[in-house]
Amino acid sequence: MSRLLDATARTLDAGGRLTREEGVALFAEEDLLGLGALADRVKQRRWQHRGHFVLNRQINPSNLCVLSCRFCDFASKRGRSDAYEMTMEEILAKCDGVREVHIVGGLHPSWSFDYFCEMLAAIKRRHPQIQIKAFTAVEIDYFSKKARLTIEQVLLRLQAVGLVALPGGGAEVFSERVRKQLFPFKMGAPRWLEIHRIAHRLGIPSNSTLLYGHMETHEERVDHMLKLRELQDETHGFLSFIPLAYQPGKTKVVTRQASAIEDLKTIAIARLLLDNFPHIKAYWVTMGEETASVALRFGADDIDGTIGEERIMHAAEADSPLAMGRERLIQLIREAGCVPVERDALYHEVQVYDSDVEQVAEPVPA
Ligand code: V47
């Protein structure tokens, strides 16, 4: 084991925390397998060999967006051939047979906040059991400005019509340098963190993301994770951290996506740095299914879900499939030597597939 990995292991075994410098140094670590093994050990302390997944559907109701961020291939404008808006009936039809719906879209120029509330209410009327995880902090902020409500009022209204969690998008990377170049009109770190802080206070847990593999540095990735760790110390409201590998599409920000090695290092370092986050998600849509499977032995304990028809990363030409069957998810988790555990949107265990016999889970202490 390298001197750095040995020191990292000793710090973590003694219940200590990694510093910014140690996090940055780990990105330069040449012993990839040693790094992965250490992150796997830390993951196993909490989750043993569990690999979580969820039967979910992603719904991106419209790609119309008032912003035009340089990194984004998804957003469109009225009149363009790729612009779309789903009808309420189309949205409802996508909710059949799943446990969780995940709703994220552009900042729509004309749909009102009331319309989005009605969308959630209609989903709950048709599917009372479904759990709704919806709207990034950027969308929440936009609703509050359009409807002249406080963030708290927006979240309480959404909660009243069925929202149970916020997705982690919109964080991009908490670097002012990158923000100025790639998304100058989108909120920065302080506002994103404040909205999640308010959500947590209202009892709405959330996820968090990091968009990596464009022009950010390793230092900026680590700083991003440390800002999340700090808020988590305060609120304990984050469920998971999800590094999103940037899909370059036609944006010309970069010509190719981050390598599998960068993907695995980012997952492993997240597990080691984010000692107060229960879940680290290897998102198969951006990482690809094979790398996501390997990531389950590099510190990740979750690979998201069936998803249905993701449109944000696929607008940027992601070459992963549009949807994944439950059997395929189970296979990817088993191939990694892990035990598939179906979960709900809030990470309650629903079913453990620990052999050919399917069993209901014994709850694992968090
Ligand atoms: O904020 C946009 C990212 C995010 C690209 O909470 C891109 O479980 C890669 O919120 N390549 C929205 N990423 C997606 C989101 C999400 C996704 C998965 C799981 C969860 C969760 C939430 O998608 C945006 C942005 O960071 N994004 N374009 C792209 N070309």
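The values are calculated or read from the model by the stated rules, or taken from the named source; none is laboratory data. Bear in mind the structure is a predicted one, so any value in this text is a computation, not a measurement. Cβ sites come from the backbone with ideal geometry, for glycine too, and all protein chains shown count toward neighbours. For accessibility, only protein heavy atoms count, side chains too; no ligands or nucleic acids. Shrake-Rupley method; radii C 1.70, N 1.55, O 1.52, S 1.80 Å.
Only residues that are open to solvent by less than 20 Å² (accessible area, probe 1.4 Å) and within 19 Å of Gln159 (Cβ to Cβ): list them for segment 106-115, please.
Hit for segment 106-115 is Phe113, nothing else.
What helices (runs of 4 or more DSSP H), lying completely within segment 249-323, carry at least 3 residues that are open to solvent by 10 Å² or more (accessible area, probe 1.4 Å) and more than 10 Å from the ligand (Cβ to nearest atom)?
Values: elements: 260-273, 284-287, 289-295, 312-315.
Fully inside segment 249-323 and qualifying: 260-273, 289-295.
Please find, within segment 66-107, the residue that is farthest from the chain's Cα centre (by Cα) out of those that are within 30 Å of Gln129 (Cβ to Cβ) and small (Gly, Ala, Ser).
That would be Ala93.
Step by step: first the residues of segment 185-195, then only those that are away from the ligand (no atom under 12 Å from the Cβ) and not hydrophobic (A, V, I, L, M, F, W, C), then the one that is surrounded by the fewest Cβ atoms within 10 Å (Cβ to Cβ). Which residue is that?
First, the residues of segment 185-195 that are away from the ligand (no atom under 12 Å from the Cβ): 185, 188-191, 193-195.
With the extra rule that they be not hydrophobic (A, V, I, L, M, F, W, C), the set shrinks to 188, 190-191, 194.
Details: Gly188: 16, Pro190: 10, Arg191: 15, Glu194: 15.
Looking at residues that are away from the ligand (no atom under 12 Å from the Cβ) and not hydrophobic (A, V, I, L, M, F, W, C), I get Pro190.
Mind checking which residues of segment 63-100 are more than 16 Å from the ligand (Cβ to nearest atom) and exposed (fewer than 13 other Cβ atoms within 10 Å of the Cβ)?
The answer is Arg78, Gly79, Arg80, Ser81, Thr87, Glu89, Glu90, Ala93, Asp96, Gly97.
Could you pull out the residue among Ile204, Ile198, Ile242 that is crowded, with 21+ Cβ neighbours inside 10 Å, β-branched (Val, Ile, Thr) and under 28 Å from Leu163 (Cα atoms)? It would help to see each step written out before you state the result.
On the way: Ile204 fails: crowded, with 21+ Cβ neighbours inside 10 Å; Ile198 fails: crowded, with 21+ Cβ neighbours inside 10 Å.
Sole residue among the options that is crowded, with 21+ Cβ neighbours inside 10 Å, β-branched (Val, Ile, Thr) and under 28 Å from Leu163 (Cα atoms): Ile242.
Determine, yes or no, whether Ser175 is more than 21 Å from Phe71 (Cα to Cα), surrounded by fewer than 21 Cβ atoms within 10 Å (Cβ to Cβ), more than 11 Å from the ligand (Cβ to nearest atom) and among the hydroxyl-bearing types (Ser, Thr, Tyr).
Values: more than 21 Å from Phe71 (Cα to Cα): no; surrounded by fewer than 21 Cβ atoms within 10 Å (Cβ to Cβ): yes; more than 11 Å from the ligand (Cβ to nearest atom): yes; among the hydroxyl-bearing types (Ser, Thr, Tyr): yes.
Judged against the criteria, Ser175 is not a match.
For Ala83, indicate whether it is out of contact with any helix residue (DSSP H, G or I) (no Cβ under 6 Å at 6 or more places or on another chain) and farther than 25 Å from Leu155 by Cα. Walk me through it before giving the result.
Numbers: out of contact with any helix residue (DSSP H, G or I) (no Cβ under 6 Å at 6 or more places or on another chain): yes; farther than 25 Å from Leu155 by Cα: yes.
The answer is yes for Ala83.
Could you pull out the residue among Ile269, Ile312, Ile261, Ile307 that is closer than 24 Å to Leu163 by Cα and in contact with a helix residue (DSSP H, G or I) (Cβ under 7 Å, 6 or more places away or on another chain)?
Numbers: Ile269 fails: closer than 24 Å to Leu163 by Cα; Ile312 fails: in contact with a helix residue (DSSP H, G or I) (Cβ under 7 Å, 6 or more places away or on another chain); Ile261 fails: closer than 24 Å to Leu163 by Cα.
One residue alone meets the criteria, Ile307.
If you scan segment 72-103, which residues turn out to be out of contact with any Ser or Thr (no Cβ under 6 Å at 6 or more places or on another chain) and either of a type in the set (Lys, Arg) or within 28 Å of Met215 (Cβ to Cβ) (or both)? Talk me through it step by step, then tell me what you get.
Applying the first criterion (out of contact with any Ser or Thr (no Cβ under 6 Å at 6 or more places or on another chain)) to segment 72-103 yields 72, 74-81, 84, 86-103.
Cys72, Phe74, Ala75, Ser76, Lys77, Arg78, Arg80, Lys94, Arg99, His102 - these are the residues of segment 72-103 that are out of contact with any Ser or Thr (no Cβ under 6 Å at 6 or more places or on another chain) and either of a type in the set (Lys, Arg) or within 28 Å of Met215 (Cβ to Cβ) (or both).
Checking Leu33 against (1) among the aliphatic types (A, V, I, L, M); (2) at pLDDT 95 or above; (3) over 14 Å from Ile267 (Cα atoms), only one condition comes out false. Which one?
Here Leu33 clears every test but (3).
Which helices (runs of 4 or more DSSP H) sit wholly inside segment 2-106 and have at least 2 residues that are of a type in the set (S, T, N, Q)? If you could, list the steps in order and put the result at the bottom.
Numbers: elements: 3-13, 20-27, 32-47, 88-93.
Ranges flagged: 3-13.
Among the numbered criteria (1) away from the ligand (no atom under 13 Å from the Cβ); (2) touching a helix residue (DSSP H, G or I) at 6+ places or on another chain (Cβ under 6 Å), which one does His236 miss?
The one condition His236 does not meet is (2).
Hey, among Thr209, Thr136, which residue is within 16 Å of the ligand (Cβ to nearest atom), touching a helix residue (DSSP H, G or I) at 6+ places or on another chain (Cβ under 9 Å), among the hydroxyl-bearing types (Ser, Thr, Tyr) and under 22 Å from Ser62 (Cα atoms)?
Thr136
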